[in-house]
Amino acid sequence: MALRLYNTLTQRLEPFEPREPGKAGMYVCGITPYDKAHAGHARVYVVFDVLARHLRARGFEVNYTRNVTDVDDKILARSKELGEEPTAFSSRMWDAAEKDLITIGCGKPNHEPRVSTHMPEIVALIEAIIASGHAYVAETAKGNDVYFHVRSFAGYGKLSRRNIDDLLAGARVETSDDKKDPLDFALWKAAGPGEWGFDSPWGKGRPGWHIECSAMSAKYLGKHFDIHCGGMDLIFPHHENEIAQSESVWGADFARYWLHNGFLNVDSEKMSKSLGNFVTIADVLERNDPEGLRYFLLGTHYRGPLAFDMNKLESGRVVFPGVDEAERRADYLYTTLDSLRKAARSAAPAEGPPALKAQSKIVASARENVLAALDKDLNTPQALAVLADLAKAGNEITTFATKKKDDAARALAAAAADALVSSCALLGLLEAPTDTFFARTRERRLRLRGLDAAAIDAKVRERDQARAAKDFARADALRKDLAALGVELSDSESGTGWRVTQ
C-alpha cells in the first residue's frame, strides 16, 4: 500500500509522490522558546517524528528540517524582564525544550536552523519580494517597516479556504496606520532608538514571524519541497502567509503537502501559553514515564483533537489519567519483551507447534501491519492496536514456552521479541533497554508514593522466610500489606520480584 496523507491544501487524502523519487523533504515549524515546552508542543513533534520515522522505514531518504524561532516579540519582552540578551535567553530556553523533546523520543532533525543565524537569507528574500512588486517599505515613527501587500497575491486564502474580502484584521494580524491594507503583514519590523535588532537595508530591526520559515526552508530543502507540517493553529495566518510570500517570487507549489495536527485540549480549550492552561512536558515527566506520554499522544489520530485531562488529588498533586493509562500500556510492552527474552534461548529456527500457529502468524506480520497502518495517513491508533495484539500473542508464547520447555516455542519467543522491538521502533516506543525502563519507573514511583526500596526488600525477604517456614497466613498478610502500598509481587523459580504499580 502506498503512503497516503491528508493534504490541508486540497482537503483530501492523497498518495505521497515526492518531487524527487526516493527522497522526501519535510519542514516542521518549530518552537518559539520564550518559556518551557508544553504538552501541546509534545504532540506536534511526536506526530511528525513518527512521520519522519515512517518515511525512512519505507525507504525514503528524508531531509527533515525543524526551525527554532529564536527572534520574536515575546522573546524580546521576556528577556528584557530578565535583563538577559535576547538570543542568549532564547538559546537557554531552547536547550531546555530540546532536552524535553529528546527525552520523549523525538529524533534530531537533519537541520535545526535558528532565525538569528539566517539574517542574510531572510533579508535577500525580502528584497526579492519587494522587487517582485508584492511588498513595500513604509516609513514609521521607529524607522522603516516592510509589509507584504496581501491583495497583490491572487492565490491568498487557498490554504485556509478564506475569502480575502471577508477577512478582518484580528487575532495575530497586526493593525497599523502605516499599512496600505489592514491585512498586510510585516516582513521586517523597525527597531526604535535603543531597541535590539539586526542591521538591514531598511535600517535596524528584526524579521516578521512568517518570512523566516520561507527563507530557512528554502535554504535547506529548496524553493519547492514535499511536506510542510505544523499545528492546525498555524494554517492561518502563518502558513497562508508563507505560501503568499514564497510563491510571489518562486512560483506555485511552494510545498506539495500540508499536514496539520489537531489541538491538545484542556477543559475543551486548546492548550496554549496565552490561555494560561498549559502543562509543561517537564510537569508530565515529573509523574509519568516519557514513553507513557508518547504512547498517550499517539493514541488519538493526529488530525483529531486530543483531550488532556488533569485531576488534582487531596495531596495537591496533579495527575494525568490518560497518560497514567498509556504508561500502563507502555509498561505492558516492556514486561512482555522482558518475558519473551527470558523464555527464549538459542535454537535453530523452527516452525511453531500447532498450538502456536495463530501467534506465529501475528509475529510474522506485525511490523508490516504497523507500516500499513501508518500508510493510512499515520493511523497511530491502529498501529498501537497491532502492537497490543502482538504483545498478547507474545505472552501466550511465553506461557507455552515456559510450561512446555519446547525448543520451537522458545525460538518463536525470540522471534516475537525481535518483532516487538522492530515494530515498536516505528512509533518510537521500546527505545530503552528493559532494565533501564524498569529502573527509572521504579525510582519515580517510589518517590511519588514516598516509599523506600530497602524497606520493601526487607518485607519481601520476610515474606520469603514465612513461605519457607510454611507460615502462609503471614506470607499472605505481607503480600496484602505491600499491595496496599502499591507494590506488586511476582514469584518465580529464581525468587520473588517486585514492582511499584502506577
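Tabulated results
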{"quantity": "Cβ-Cβ under 9 Å pairs, at least 6 apart or on other chains, segment 430-457 side more than 20 Å from ARG287 (Cβ to Cβ), far side assigned to a helix (DSSP H, G or I) and β-branched (Val, Ile, Thr)", "calculated": "LEU430/VAL421; THR434/THR335"}
{"quantity": "GLY203 vs. criteria among the small types (Gly, Ala, Ser), modelled with pLDDT of 95 or more and on the phi > 0 side of the Ramachandran plot", "calculated": "yes"}
{"quantity": "Filter result for the condition that a residue is within 28 Å of the chain's Cα centre (by Cα), modelled with pLDDT of 95 or more and not basic (Lys, Arg), over LEU313, LEU333", "calculated": "LEU333"}
{"quantity": "Boolean, ALA468 is open to solvent by less than 50 Å² (accessible area, probe 1.4 Å) and over 33 Å from the mean Cα position of the chain (by Cα)", "calculated": "no"}
{"quantity": "Given (1) open to solvent by 50 Å² or more (accessible area, probe 1.4 Å); (2) aliphatic (A, V, I, L, M); (3) over 26 Å from ASN67 (Cβ atoms); (4) within 35 Å of the chain's Cα centre (by Cα), index of the condition ILE164 fails", "calculated": "(1)"}
{"quantity": "Evaluation of ASP233 against (1) open to solvent by 20 Å² or more (accessible area, probe 1.4 Å); (2) modelled with pLDDT of 90 or more; (3) over 30 Å from LEU384 (Cα atoms) (one fails), failing number", "calculated": "(3)"}
{"quantity": "Failed criterion for ILE129 (all others in (1) of a type outside the set (Gly, Ala, Ser); (2) closer than 28 Å to ILE164 by Cβ; (3) open to solvent by 20 Å² or more (accessible area, probe 1.4 Å) hold)", "calculated": "(3)"}
{"quantity": "Residues of segment 73-124 classified as of a type in the set (Val, Ile, Thr) and in contact with a strand residue (DSSP E or B) (Cβ under 6 Å, 6 or more places away or on another chain), total", "calculated": "1"}
{"quantity": "Residues that are without any contact (Cβ under 8 Å) to a residue 60 or more places away in the chain and touching a Phe, Trp or Tyr at 6+ places or on another chain (Cβ under 6 Å), drawn from segment 234-262", "calculated": "SER246"}
{"quantity": "Answer from ILE102, ILE31 - the residue that is β-branched (Val, Ile, Thr) and surrounded by 15 or more Cβ atoms within 10 Å (Cβ to Cβ)", "calculated": "ILE31"}
{"quantity": "Qualifying residue in segment 144-159 (condition: in contact (Cβ under 8 Å) with a residue 24 or more places away in the chain and closer than 17 Å to THR69 by Cβ)", "calculated": "no"}
{"quantity": "Test: residue in segment 482-494 that is assigned to a loop (DSSP other than H, G, I, E, B), hydroxyl-bearing (Ser, Thr, Tyr), open to solvent by 30 Å² or more (accessible area, probe 1.4 Å) and within 21 Å of ARG287 (Cα to Cα)", "calculated": "no"}
{"quantity": "Selected residue (only one of ALA186, ALA215, ALA255 is modelled with pLDDT of 95 or more, more than 28 Å from the chain's Cα centre (by Cα) and open to solvent by less than 20 Å² (accessible area, probe 1.4 Å))", "calculated": "ALA186"}
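This table checks each residue for (1) acidic (Asp, Glu); (2) surrounded by fewer than 18 Cβ atoms within 10 Å (Cβ to Cβ); (3) touching a helix residue (DSSP H, G or I) at 6+ places or on another chain (Cβ under 8 Å).
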site	(1), (2), (3)
GLY222	no, yes, no
GLU242	yes, no, yes
HIS260	no, no, yes
GLU269	yes, yes, no
PHE278	no, no, yes
GLU286	yes, yes, no
GLU291	yes, no, yes
GLY299	no, yes, yes
GLY304	no, yes, no
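The values are calculated or read from the model by the stated rules, or taken from the named source; none is laboratory data. Quantities reported herein were computed from a predicted structural model and do not represent experimental measurements. Cβ coordinates were reconstructed from backbone atoms using ideal geometry, including for glycine residues, and neighbour counts include every protein chain displayed. These accessible areas exclude ligands, DNA and RNA; they are computed on the full protein's heavy atoms, side chains included. Shrake-Rupley method; radii C 1.70, N 1.55, O 1.52, S 1.80 Å.
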